[in-house]
């Protein structure tokens with residue numbers, strides 16, 4: 001698999017801006033795979049016009065029903081969305097999503113033919129047992145784990161412009177990879193997310209066992225994405 005970039009726009013970009021963004025990214029020449037996660041209200045525009053994969057930023061665990069303001073896997077599939085972020089740090093921090101909520105959303109995605117991008121958060125000083133417990137709770141009774149894309153998010157680095165030391169990232173990513181491989185018999189794709197910038201992404205992508213990066217709101221700036229791609233392709 002080629003290295004993967006997931007672009008999480010969060011709650012950014014106005015409608016007047018999206019077609020310029022789509023066209024600029026359509027013209028990028030790269031061996032990277034790209035998944036764009038725009039705001040819900042722009043999903044159809046991106047699906048119909050972007051040449052890259054499209055994901056939602058969240059999803060509800062029920063396929064339909066009286067859940068005002070939510071969106072289901074069946075609705076996402078009906079417009080051609082193929083991916084969804086699950087359990088992003090901001091969903092747990094601001095919307096109080098619990099591991100059981102994330103577990104239900106994972107099941108819904110896998111049953112609804114949506115590839116989940118599961119965010120795994122930890123403090124950089126968490127011990128391995130703490131991280132393992134989180135993984136096991138999120139993956140409880142989950143089948144077809146091989147279809148999940150994992151994204152490691154060190155809480156210390158999210159939105160802080162502070163990147164963890166390369167050795168620390170490699171140590172944690174390698175541990176997650178080996179744990180998932182040994183216990184769940186899968187060879188996972190693991191992304192790194194947390195203050196990924198154009199001045200550090202090449203170094204991050206050089207780390208063993210990293211499949212790519214999850215980039216936050218700066219990814220809603222097409223020039224920023226172009227700069228990152230240029231750095232990678234040099």
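Here, each number is a calculation from the coordinates, and none is a lab measurement. It should be emphasised that the depicted structure is a prediction, and the values quoted were computed from it without experimental measurement. FYI the Cβ positions are ideal-geometry reconstructions off the backbone, even for glycines, and counts take in every protein chain you see.
Give the residues of segment 191-223 whose amide nitrogen is closer than 17 Å to a point set 7 Å from the Cα of residue 31 in the direction of its Cβ.
Under cut-off, by backbone N: 202-213.
For residue 187 and residue 115 in the same chain, what is the full-extension length gain: residue separation times 0.36 nm, less their Cα-Cα distance, in nm?
Separation in residues times 0.36 nm, less the Cα-Cα distance, equals 24.4 nm.
Taking the chain as a Gaussian network, Cα atoms linked when under 10 Å apart, which of 28, 71, 210 shows the biggest mean-square fluctuation?
Of 28, 71, 210, the Gaussian network model singles out 28 as fluctuating most.
Simple spin-label model, 7 Å along Cα-to-Cβ: residue 200 to residue 147 in nm?
Here the answer is 3.4 nm between the modelled labels.
If you wrap a convex hull around the C-alpha atoms of segment 4-233 and split its volume per residue, what is the figure in Å³?
118
When the chain is modelled as a GNM with alpha-carbon springs shorter than 10 Å, which of 105, 29, 140 fluctuates the most?
Looking only at 105, 29, 140, the biggest GNM fluctuation is shown by 29.
Specify the inter-centroid distance of segment 1-58 and segment 201-220, based on alpha-carbon positions, in whole Å.
Going from one Cα centre to the other spans 16 Å.
Considering the chain as a Gaussian network with a 10 Å cut-off on Cα pairs, which listed residue, 154, 63, 188, attains the greatest mean-square fluctuation?
Evaluated over the chain, the most mobile residue of the options is 63.
In percent, how large is the relative contact order of segment 4-233, given Cα pairs closer than 8 Å and 6 or more residues apart?
20
Using the 10 angstrom Cβ neighbour count as an exposure proxy, how do 59, 132, 47 rank, fewest first? Working shown, then result.
Numbers: 59 25, 132 14, 47 17.
Ascending number of Cβ neighbours within 10 Å: 132, 47, 59.
Could you work out how far apart the two model spin labels at residue 100 and residue 20 are, taking each label as a point 7 Å from the Cα in the direction of the beta carbon, and quote it in nm?
Going from the residue 100 label point to the residue 20 one covers 4.7 nm.
Give the span of segment 88-196's Cα atoms along each principal axis, as three whole-Å numbers ordered largest to smallest.
37, 33, 23
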